[in-house]
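Nothing in this text is a laboratory measurement; each read-out follows from the coordinates by a stated rule. In this text, all values refer to a predicted model and were calculated from it rather than measured experimentally. We place every Cβ from the backbone using ideal geometry, glycine too, and count neighbours over all the protein chains shown.
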Amino acid sequence: MNNAITGNIIRFIALVLVQVIIFNNINFLGYINPYVYILFIAFFPVKNNRLVLILVSFILGLSIDMFLDSGGIHAGASVFIAYVRPLLLKSSFGMIYEHQTVRFGSVDFGSKLIYISLLVPLHHIVLFSLEIFNISNILLILEKTLFSSIFTILLSIIISVIFSRKTK
């Protein structure tokens, strides 16, 4: 139990630092900005308390907001995906999630890709809607969501493949 908590704390700090130091400095054509810190929320252990996940997601988003001076938009988007995560897990993994036996290191690649491909655009649509906060700019919101989501999904898959544990 103590090892799991320590591992999650290290993962939390590492993702915040990588996001702030590396990925926040990528802004290609004004649309592509990857947000890989959401991998912490995506791969948070399923068996843990949902309220703990929502609280930790808020702290994660707030940490990113403090570095970016973005007024809480990352915290809002992070809490949203933490809240809808059980629905996404159920639709991506089916009965494995129902029996609480999802281990992200041992699930098949297709299910993991579907899960990340659902989670990332939801995060981004909330994030950019809060950032722009003007319904007349819906095309801009959708463009930023689409391009950033594609780049974030690609990076998230690469990172999850590189850091996944090979278990049989």
- Query: Using mean Cβ contacts within 10 Å as the protection proxy, how do 131-138, 85-92 order, highest first?
  - Reply: 85-92, 131-138
- In cubic angstrom per residue, the convex hull of segment 2-162 built on its Cα atoms measures 113
- FRET efficiency for Ile157 and Ile54 from the Cβ-Cβ distance with R0 = 22 Å, rounded to 0.05, comes out at 0.30
- Query: Percent of alpha carbon pairs in segment 1-52 separated by more than 12 Å?
  - Reply: 69
- Item | Distance between modelled label sites at Leu17 and Ile135, nm, 7 Å Cα→Cβ extension | 4.5
- Count the lysine pairs in the chain that are 8 or more places apart or on different chains: how many have C-alpha atoms under 27 angstrom apart? 10
- Item | Signed unit charges on C-beta, dipole axis of segment 2-162, positive-most listed residue Ile73, Asn2, Ile41 | Asn2
